[in-house]
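Accompanying notes for the structure given below.
The values are calculated or read from the model by the stated rules, or taken from the named source; none is laboratory data. In this text, all values refer to a predicted model and were calculated from it rather than measured experimentally. Glycine also receives a Cβ, built like all others from the backbone with ideal geometry; neighbour counts cover every protein chain displayed. The accessibility values were calculated without ligands, DNA or RNA, using every heavy atom of the protein model including side chains. Shrake-Rupley method; radii C 1.70, N 1.55, O 1.52, S 1.80 Å.
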Amino acid sequence: YLEKMGVKLIEGEMRPERPDDRFTMIHGFFEHVRAGLARHQELMQAAEQDALEDLGGLARRAYRRDLRPEEKASLQELYRTLRKQGQDVEGSIRGVFTAILMSPDFCYRFQETPSGPGVYELSSDALASRLSYFLWSSIPDEPLLVAAEADSLKDDSVLVSQTRRMLKDPRIDAFAREFLGQWLRYRDYLAKDPINAEAFPGYSDQLREAMFAEPVHLAVHLIREDRPITDLLNSDTTFVNGVLAQHYGGDIAAQYARQSNAWAESFRRRGLPIAGNPDEIWHPVSGLLDAGRGGLFGMGVILTKNSSGERTSPVKRGFWTVHHLLGQHFPPPPADVPELPTAEKVATKTIRELIAEHTENARCAMCHTHFDSLGMALEGFDPIGRARTKDLAGRPIDDVAKFPSGETGQGIPGLIEYVEKHRRQDFVRHFCRKFLGYALGRSVVLSDQPLLDEMETALAKNDYRFSTLFETVVLSPQFRKQRGRDFVTQAP
């Protein structure tokens, strides 16, 4: 550049033959560049140790425990190896980061099983992970890791304190989503929707996502407010966003509109811009029983997941109620059972008449008598969960049901009354089994029965509140201990 500008240098030196502003400008520019590169190198070297320490902290969270000395040494050795191979500081850090994410300690959940025939306490690290995955479906946060490192989770009061803290955290929505979705068999609804969407204008992806989220919003509310688990059956309140409120219609839509307007007005009064789309905000609405809904029974995702193509399915809805919600078991249906029509519009008879014919076979009737009537009580809602008085062919709806108890009830309020009066304990008992199995990540076995009995007793003494269930389980031997590798179950 000096040569192009006509600047002559002293032979063998980087100095002009005589003072020159062009030399000062060009040489000064490159001196500035060289100083910047040197400074960058200094900063990277100074940050190198900090970056390695940060990677150690990342590995601690990823592995959900303190790193062993040899693990720390291994990560540092990998970094040094990458540097020797010509990687720069940032590239070497990325390499170690990749190794952490590829480690089995991050990719898998496992705990070492001690040798011996006894029953042993979980390590504090394993207990922290079990608690975190139970409540949040994710890794422990910093306070939980600190408690584990201090070995204080073995103290009942500390374990309960951590549990209560985590139940108040927004991440508890993962428990509501995963537990309810798995237990009540709607977790795959978005991927395996049984409805022919083309037959129902307005049945959009936004509506489906809102229907899927509704049980989570209600369950999180019940957990945070420490409400009874039986509110899942009979709650007169739910949560809706704009698209779901319009789908349900009536007073639910009117309530939502009032709350949405009040929410927007609160921003205007404070001179603040409205944050986001008001229709995407969830608000509580009440009066479900008066609207013919209530609890889980009236939720769109439950009604829709248990429909078929272009018609309702009292059989599926009734079976869902007695099997998945109440825990009653039945043998599989005969292989030669004829299929019902896939659409109400083309059916020549009402669904009640078709089911009556369907169950004339004694082999079918012996099971269907236990659940068909419960499904008929839900006929006031179409295949996508909208309230209706006529089916899709224009025939009047009959949602009066004669329950197995011999009593008659109408619609969801009648079904709720029947379950509360005759099957409440079935619901509580089945809820406890599913809850414990989810907490432990395994099937419930015979030796868990004393704990299940304890859970039911504690619930009955404490108004069936959610906190009682959580605390009883996390303090149990099943949650805090494990069998040794050589454990043998004793004969009765």
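Net charge in the neighbourhood of GLN85 (other residues with Cβ under 15 Å of its Cβ; Lys, Arg +1, Asp, Glu -1) is +1. Compared with the direct C-alpha span, the chain from ARG388 to ARG442 gains 15.3 nm at full extension, assuming 0.36 nm per residue. Ordering THR304, GLY292, ALA254 by the projection of their Cα atoms onto the charge dipole of segment 184-343, which places +1 on the Cβ of Lys and Arg and -1 on the Cβ of Asp and Glu, puts ALA254 at the extreme positive end.
Tell me, rounded to the nearest percent, the portion of alpha carbon pairs in the chain spaced more than 28 Å apart. When every Cα pair of the chain is considered, 66 percent fall beyond 28 Å. Roughly speaking, to the nearest percent, how much of the chain's 1.4 Å accessible area is carbon and sulfur? Within the chain, the accessible surface is 53 percent carbon and sulfur. Given +1 at the Cβ of Lys and Arg, -1 at the Cβ of Asp and Glu and no other charges, the dipole of the chain around its Cα centre is 340 debye to the nearest 20.
Dipole size of segment 206-333 about its Cα centre, with +1 on Lys/Arg Cβ and -1 on Asp/Glu Cβ: approximately 140 debye, rounded to the nearest 20. Look at the dipole of segment 44-181 built from charges on Cβ: of LEU78, ILE139, VAL96, the Cα furthest out on the positive end belongs to ILE139. Phi angles of segment 140-150 translate, via the Karplus equation with coefficients 6.51, -1.76, 1.60 and θ = phi - 60°, into HN-Hα couplings of x, 8, 4, x, 6, 5, 4, 4, 5, 5, 7 Hz per residue; Gly and Pro are given as x.
For segment 286-342, the square roots of the Cα gyration tensor eigenvalues, ordered a ≥ b ≥ c, give a/c of at least 1.5 with a/b no greater than b/c, which places it in the oblate category. For segment 96-249, the dipole from Cβ point charges (+1 on Lys and Arg, -1 on Asp and Glu) about the Cα centre works out to 260 debye, to the nearest 20.
Taking the Cβ of ALA264 as the centre, find all other residues whose Cβ is under 12 Å away and add up their charges (Lys, Arg: +1; Asp, Glu: -1). With Lys, Arg at +1 and Asp, Glu at -1, the net is +2.
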